[in-house]
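Working notes, beginning with the structure itself.
Bear in mind that the values in this text are calculations on the coordinates, not laboratory data. Here the structure is a predicted model, which is why all the values come from computation and not from measurement. Please note: Cβ atoms are built from the backbone with ideal geometry, for glycine as well, and neighbour counts cover all protein chains shown.
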Amino acid sequence: MSSSNENAAERVRVTVDAIYRSDSRRVFATLVRLLGDFDLAEEALHDAFRAALEQWPQEGMPANPRAWLVSTGRFKAIDNLRRRARFVDLPPDAAERLGTDDSEGRDPADIGNGGASLMALAERVADGLGDPAAWDDESVEDDRLRLIFTCCHPALSPDAQVALTLREVCGLTTEEIARAFLTAPSTLAQRIVRAKAKIRDARIPYQVPTREDLPERLDAVLRVVYLVFNEGYSASLGGSLTRHDLSEEAIRLGRLLIELLPEPEAQGLLALMLLHESRRAARTSPGGELILLDEQDRALWNRDQIAQGLALVERALSSRRFGPYTLQAAIAAVHAEAPSAGETDWAQIVGLYNVLLRIEPSPVVELNRAVAVAMYDGPEAGLTLVDGILARGDLEDYHLAHAARADLCRRLERTAEARAAYERALSLTRQEPERRFLERRLNELLD
Amino acid sequence: MKYLCLICAETVMEQMPEADAEKHLEEYREFTDGIRKSGHFVGCNRLLPPAAATTIRVRNGKVSATDGPYAETKEQLGGYYVIEAKDIDEAIEVASRIPAAKIGCVEIRPIAEDSKTLSALGFVGLTTGDGTA
């Protein structure tokens with residue numbers, strides 16, 4: 001092979017990698033609809049990308065790579081099913097079943113139960129080949145939404161919903177998800193396998209819920225989207241504090257949801273994510289060091305995202321049907337509107353936390369409220385609240401609870417206590433930038 | 001008088017080695033044939049494992065669905081329906097109208113319709129459950 005051919009192959013490989021990163025989950029979502037099975041779709045997806053690596057250097061890039069991948073994936077799946085069908089013994093009634101009943105062929109749960117149903121499935125998939133809905137952009141976006149609602153179906157356990165969405169919609173590895181949830185990778189892998197089996201066995205449909213069911217089903221989706229955002233915002237893996245693609249993905253999902261159903265809480269969640277995201281550039285130093293809110297250079301905040309976030313919060317609040325996401329967004333909005341840390345309206349923030357605590361009581365919200373109280377009434381008042389929470393044992397293993405205590409002790413010049421709390425926080429944190437930040441603070445106390 | 005016999009075991013067919021499952025099915029084939037002939041047979045089905053179960057409750061007009069069987073509660077089995085639905089959403093919709101869903105709960109479990117089961121239970125076609133196939 002000449003070196004120019006090698007260069008062409010290398011260029012294609014780089015392009016395919018890029019398309020894999022940007023579009024593989026979209027292709028997957030469409031393949032699930034076309035093939036009716038998650039595992040078949042996953043296999044077809046990988047076959048399609050492998051074919052792209054082999055064919056594109058010779059034949060050139062297709063005009064619409066995503067459509068090419070969907071179509072190729074589908075053909076590969078049909079081939080695989082036909083080939084497998086030939087290796088499976090036909091049950092005695094196979095011919096009869098194929099001839100008389102067409103509903104059985106539709107049942108992906110029957111895969112592996114005999115060559116006949118595999119063949120029937122292959123034919124069904126092949127029958128739909130002319131379907132133009134297979135690759136127009138709108139259907140493909142709908143497919144992503146179908147995939148989200150299926151992954152967040154209430155018939156799946158909450159743990160499984162989150163794991164499946166991160167795996168199937170966002171394409172995270174099992175290892176990444178396991179780290180994010182402090183679970184063993186094998187446990188997580190099994191959770192995903194079980195969830196997919198349940199989708200198949202109980203026939204969880206691949207569709208966007210009816211308008212009637214949508215509000216309830218949306219709650220589950222919002223919870224999962226926010227977890228995805230947080231995974232991107234403060235990545236649990238590796239040395240970098242943030243993983244841009246995941247937060248962007250969550251925001252994109254948030255926008256899509258609002259298009260579908262302009263519910264206040266969906267707006268509130270999108271606002272919350274945008275307002276957090278707006279601080280991204282200010283949140284770390286060029287050297288990758290964590291910078292807390294009160295020390296951030298507010299000129300670096302993304303004004304465009306703040307404007308979008310503020311508009312969404314206002315719309316959600318005016319509906320008077322808002323929930324915890326909208327309230328958290330409102331708190332973030334108060335920060336966003338303050339020209340400097342010193343000019344923050346802490347009274348309003350404490351007030352918003354009071355409402356939040358009433359509708360969704362949790363130790364973490366209590367902790368955040370305590371920090372706001374410390375800003376409004378002074379560190380002494382905040383410390384009393386933090387110690388109260390820690391004394392109950394609720395947040396004993398939560399590094400931010402100890403970091404908050406350390407910070408308040410530091411401000412009260414209770415150095416020994418501050419040092420002990422920083423050390424405890426350090427022993428609990430899993431993020432490299434947070435670790436460096438805590439070490440820095442600890443070293444300042446030792447000087 | 002009709003009686004419902006509930007089949008409970010620690011190991012379900014899906015967890016058995018292939019050969020054991022085949023042997024077990026063969027025993028069911030023999031038993032089912034026998035009670036068909038003796039006139040005791042009314043209907044039967046094999047269920048997919050509890051992992052495929054969804055339990056629903058209706059409270060204040062709101063349907064809540066959760067993953068898994070009802071077994072851990074104090075509720076007692078009081079009857080059953082076999083329904084035909086195109087997917088779990090339709091099954092949840094129908095089951096949520098069972099009166100007991102408002103006070104107790106209804107577990108929804110898919111019925112096994114694979115060819116081996118159907119053949120062992122003596123259903124020639126694909127209709128299951130009501131014994132009229």
5 angstrom amide H check on B:V63, placed H, neighbours 5+ away: none
Principal-axis tilt of helix A:303-318 within chain A, Cα atoms, nearest 10 degrees: 90
For B:K2, A:K198, order by how many other beta-carbon atoms lie within 10 Å, fewest first: B:K2, A:K198
Cα-derived Rg to Rh of segment A:136-231, Kirkwood definition: 0.96
Chain A: angle of helix A:214-233 to the longest principal axis, Cα-based, in degrees nearest 10: 70
MRE, 222 nm, helices only [DSSP H, n ≥ 4, -39500 (n - 2.57), over chain A, to nearest 500]: -23000 deg cm²/dmol
Estimated D of chain A in µm² per second, where Rh is the Kirkwood radius over Cα pairs and Stokes-Einstein applies at 4 °C, 1.567 mPa s: 52
Kirkwood Rh and Cα Rg combined as Rg/Rh, segment A:272-416: 0.97
Anchor A:K196: lysines whose Cα lies under 20 Å away (excluding residues fewer than 8 positions away in-chain): B:K86
Net dipole in debye of the protein assembly as shown [+1 Lys, Arg Cβ; -1 Asp, Glu Cβ; about Cα centre; nearest 20]: 660
Relative exposure of A:D143, A:D47, A:D297, judged by other C-beta atoms within 10 Å (fewest first): A:D297, A:D47, A:D143
Largest-first principal axis extents, alpha carbons of segment A:345-447, Å: 41, 25, 25
Chain A: relative contact order in percent, alpha carbon pairs under 8 Å with at least 6 residues between: 9
FRET efficiency, A:D387 to B:I35 (Cβ-Cβ, R0 60 Å, nearest 0.05): 0.30
Anchor B:K116: lysines whose Cα lies under 16 Å away (excluding residues fewer than 8 positions away in-chain): B:K23
